[in-house]
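The structure under discussion appears below in the form of structure tokens.
Laboratory data are not the source of any read-out in this text; all were calculated from the coordinates shown. Not measured: the values here are computed from a predicted model. Here the Cβ is made from the backbone with ideal geometry for all residues, glycine too, and neighbour counts use every protein chain on show.
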Amino acid sequence: MENQAHNTMGTSPCEAELQELMEQIDIMVSNKKMDWERKMRALETRLDLRDQELANAQTCLDQKGQEVGLLRQKLDSLEKCNLAMTQNYEGQLQSLKAQVRKLIII
């Protein structure tokens, strides 16, 4: 009699159970999807932070590279100046030595 009642309503007990299982599966899939989406957003946030850190590090590296370039230019300039001063002092020293020799001879 119960089977006949279900049959008159258009669903058998198996179909009703199957429908319930399908609804439970849909709920489980939906929950899993929300969990994955939440994890994906968290990973995207972490990735964005890492990208920002990388961009900041690259900017800092670029600035340090420019500073190194300026310091190299200053070093080259100072070395040239030092060489010119050394040559000048050596020339003056040779001149003084020549004058001292003349004084000794006299």
Projected label distance in nm at K74 and R50, using a 7 Å step from Cα toward the beta-carbon: 3.8
Cα pair distances in the chain, grouped into 10 Å bins until the bin that holds the longest one, percent each: 11, 12, 11, 10, 9, 9, 8, 7, 6, 5, 4, 3, 3, 2, 0
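Can you tell me the dipole magnitude for the chain around its Cα centre, using point charges on the Cβ only (Lys, Arg +1; Asp, Glu -1), in Debye to the nearest 20? Don't jump to the answer; show the numbers that get you there.
Numbers: 14 positive and 17 negative charges, 415 e Å.
In total the dipole reaches around 2000 debye.
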Kirkwood Rh and Cα Rg combined as Rg/Rh, the range 46-106: 1.63
Distance histogram for the range 20-64 (every C-alpha pair counted, 5 angstrom bins, percent rounded to whole numbers): 6, 19, 12, 13, 9, 10, 7, 6, 6, 4, 3, 2, 1, 0
Unit charges at the beta carbon, dipole of the chain: most positive-side option, N31, Q87, L54: Q87
